[in-house]
Amino acid sequence: MDLINCPCGSGFTFQHCCQPYHLSLKTAPTAEALMRSRYSAFVMADAGYLYETTHSSKRKDHSKSAYLNSAKNTKWLKLEIVFSAFDVVEFKAHYLNKKFQTEVLHEKSNFRLEDGRWYYVDGVFYE
């Protein structure tokens, strides 16, 4: 699994991109890096990482089992970063729906840097 391309679309291998964040060997240095690593965690169904990188004030709304269920029931295809700033990332995540049709989740996500670590706080979805 180490030699696969990273699902986040960086062009690097998973081993040299998001995997060190998933394994807690490194922390994501930017909000965009965290967002990309969270997308990869959805692709890899790493619910623990998704939960741990959700801000503590929002974890009650996002359980590990809910993350796992969402990740396992979605076939993610591609991540597209639309805009990235210090603590905001707008992205489009392409996926297959249950009828095997391509759909796009378009979100502007808010992140918070706390004690040297980035966390996902919330997001606004676009139609």
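Each value in this text was obtained by applying a stated rule to the coordinates, not by laboratory testing. In this text the structure is predicted, and so the values were computed from the model without any measurement. With ideal geometry, Cβ positions are generated from the backbone for all residues, glycine too; neighbour counts draw on all protein chains shown.
Loop-located trypsin sites (Lys or Arg not before Pro) in the stretch 11-107 (DSSP state not H, G, I, E or B) with no more than 10 neighbouring Cβ atoms inside 10 Å: 98, 99.
Centre-to-centre separation between the Cα atoms of the stretch 7-63 and those of the stretch 93-117: 12 Å. Seen from residue 106, the other residues with C-beta closer than 11 Å to its C-beta sum to a net charge of -3, counting Lys and Arg as +1 and Asp and Glu as -1. Classify the stretch 14-126: rounded, prolate or oblate, from the alpha-carbon gyration tensor (a ≥ b ≥ c, eigenvalue square roots; a/c under 1.5 rounded; otherwise prolate if a/b is larger than b/c)? In terms of gyration-tensor shape, rounded. In order along the stretch 60-72, the Karplus-derived 3J(HN,Hα) couplings, from 6.51 cos²θ - 1.76 cosθ + 1.60 at θ = phi - 60°, round to 4, 8, 9, 7, 4, 5, 5, 4, 5, 4, 4, 5, 6 Hz, and Gly and Pro are given as x. Close amide H pairs (under 5 Å, H built 1.01 Å from N) link residue 26 with 21, residues at least 5 positions away or on another chain. With the cut-off at 24 Å, tell me which of the pairs 58/99; 64/98; 72/92; 60/98 have Cα atoms farther apart than that. Among 58/99; 64/98; 72/92; 60/98, the Cα-Cα distance tops 24 Å for 58/99; 60/98.
The 3J(HN,Hα) values that the Karplus relation (6.51, -1.76, 1.60; θ = phi - 60°) gives for the stretch 20-31 are, in residue order, x, 6, 4, 8, 6, 7, 9, 10, 4, x, 9, 4 Hz. Gly and Pro appear as x. Taking the average, over residues, of other Cβ atoms within 10 Å as the packing measure, peptides 39-48, 105-114 rank 39-48, 105-114 from highest down. About the centre of its Cα atoms, the chain shows a dipole size close to 380 debye [charges on the beta carbon of Lys, Arg (+1) and Asp, Glu (-1) only; nearest 20 debye]. For the stretch 111-127, 3J(HN,Hα) computed residue by residue from phi via the Karplus equation (6.51, -1.76, 1.60; θ = phi - 60°) reads 10, 10, 8, 9, 6, x, 10, 8, 9, 6, 9, 6, x, 10, 8, 10, 6 Hz, glycine and proline entered as x. Remark on residue 123: its backbone amide H falls under 5 Å from those of 110, a criterion applied only to residues 5 or more positions apart or on other chains, H modelled at 1.01 Å from N.
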